[in-house]
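Presented below is the structure to which this report refers.
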Amino acid sequence: MAQFPLVGLAAEDDGLHIATGDPWWREAWYFEFYDPRVNVQFQAYQGVFPNQETGDLCAAFFHAGHRVHSELKMDFRLPATSPLAERLCFGPMQMEMIEPYARWRIRYDTSDVQADLEFTALKPPFSWAVARLWMETAQDPQQRSQHFDQFGRYTGRVWIRNQEQKIDALGFRDRMWGWGGRRAWRNYAILWAGFGEEFVANVAVQEFTDGRIALTGYLERDGQQELLRRASIDFHWDAHRWKTLAGVHVRAEDLAGRAVEFTGKPQGILDTAHRWPHRSDHMLFSVGEYRCEGKVGHGVLNWAFATLAGRPARFDAQIEDLPRGGR
């Protein structure tokens with residue numbers, strides 16, 4: 001994986017970063033997959049706030065549609081005197097970078113569930129800076145926040161109440177560091193659909209408190225990857241679960257003029273609303289099931305909204321100032 005250009009990223013950015021003076025500066029890791037062969041879903045976020053001397057973990061395992069384990073703890077103690085490597089190893093989860101931008105190992109250890117998994121990248125990392133998302137390149141360090149995500153394959157084993165499940169599934173991981181402009185989030189939807197090793201639709205739309213709506217993402221198909229130019233998302237909210245999406249309908253077009261239309265619905269959901277020390281919105285994580293042109297895929301399906309009254313019904317977003325080949 002070392003041959004691709006790290007657009008918007010430095011070679012060392014898959015490693016640990018030094019915190020700025022922002023009291024809520026954060027470094028975070030996310031891992032997500034669903035394996036339809038064994039009906040196992042895993043999603044995890046692990047983050048550290050060095051200036052608060054704390055860490056947090058939101059993780060869940062689902063089997064046959066049932067949650068068999070979850071962890072929502074926002075106050076792990078990580079003293080400033082701890083070695084940097086301890087950011088990768090607290091609570092039940094331990095992460096290890098084997099090769100930057102290429103391979104990570106994730107281990108999990110509780111009485112109910114254990115896991116030993118490896119993520120192997122199938123595609124280069126995608127930085128939101130490529131789509132010129134304002135907070136990625138902000139000159140003011142108090143506004144800057146950086147992110148990349150990556151499509152790959154998860155292999156390994158999960159033990160659920162001593163029953164071993166062998167994992168071989170497509171999925172995503174992502175990384176962020178900083179906080180900055182994320183303070184200005186109002187609503188967003190992260191919809192990453194993996195239909196196969198050569199067919200990925202990556203759509204992320206973010207609405208900010210000043211009213212602007214930002215699009216990031218790409219379409220990977222037939223060996224060609226292009227940034228998205230425009231996308232629309234229709235939200236279908238569950239009839240009796242007021243904060244839960246029943247599904248989404250997405251239309252997107254990339255800079256090469258290729259269009260894709262797909263639907264998605266969440267599977268196992270982890271609700272983290274009002275648990276965070278630095279945010280107060282409704283934030284829900286899921287691995288979604290996606291459908292497009294007769295294909296079924298899986299990937300990240302996350303959404304957040306600041307208030308019930310402001311819960312979105314539709315997003316329309318576009319990028320107009322990027323030349324083709326900006327990726």
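Quick note: the coordinates plus some simple rules give every number you see, no bench work behind them. Fair warning: this is a prediction, and the values are worked out from it, not measured in the lab. No Cβ is skipped: glycine too gets one built from the backbone with ideal geometry, and neighbour counts run over all protein chains shown.
A few points about this structure:
- GNM flexibility winner over the chain from 111, 145, 70 (Cα, springs under 10 Å): 111
- Over the stretch 113-243, the pair-distance histogram of Cα-Cα distances with 5 Å bins from zero comes to 2, 9, 15, 18, 16, 14, 14, 8, 3, 1, 0 percent, rounded to whole numbers.
- Cα gyration tensor category, rounded, prolate or oblate, for the chain with a/c compared to 1.5: rounded
- Full extension of the chain between residue 70 and residue 105 gives 10.6 nm of extra length, using 0.36 nm per residue less the Cα-Cα distance.
- Highest mobility in the GNM of the chain, judged by mean-square fluctuation with C-alpha springs under 10 Å and restricted to 316, 56, 238, is found for 238.
- Charge tally in the Cβ shell below 14 Å around residue 92, where Lys, Arg are +1 and Asp, Glu are -1, residue 92 excluded: -3
- Placing +1 on each Lys and Arg Cβ and -1 on each Asp and Glu Cβ, with no other charges, gives the chain a dipole about its Cα centre of roughly 560 debye.
- For the stretch 1-136, the calculated P(r) over all alpha carbon pairs, in 5 Å bins from 0 to the bin holding the longest distance, is 2, 9, 17, 20, 19, 17, 11, 5, 1, 0 percent.
- Local electrostatic count at residue 50 - Lys and Arg +1, Asp and Glu -1, tallied over other residues with Cβ under 11 Å: -2
- Arranged from fewest to most other beta-carbon atoms within 10 Å of their beta carbon, 311, 157 become 157, 311.
- When each of 185, 179, 242 is scored by the number of other beta-carbon atoms lying within 10 Å, the sequence from fewest to most is 242, 185, 179.
- Coil-residue trypsin sites (Lys or Arg not before Pro) of the stretch 238-300, DSSP, other Cβ within 10 Å capped at 12: 241
- Spin-label pair residue 251-residue 314: with each label point 7 Å from Cα along the Cα-Cβ axis, the two points sit 0.9 nm from one another.
- For the stretch 215-317, the normalised intensity computed at q = 0.12, 0.14, 0.21, 0.23 Å⁻¹ comes to -0.45, -0.61, -1.18, -1.31 (log10 of I(q)/I(0), Debye sum over alpha carbons, equal scatterers, no solvent).
- Max-minus-min Cα coordinates of the stretch 89-136 on each principal axis give 44, 23, 15 Å, with the largest extent listed first.
- Candidates 81, 244, 155, ranked by Gaussian network fluctuation over the chain, Cα under 10 Å, top entry: 81
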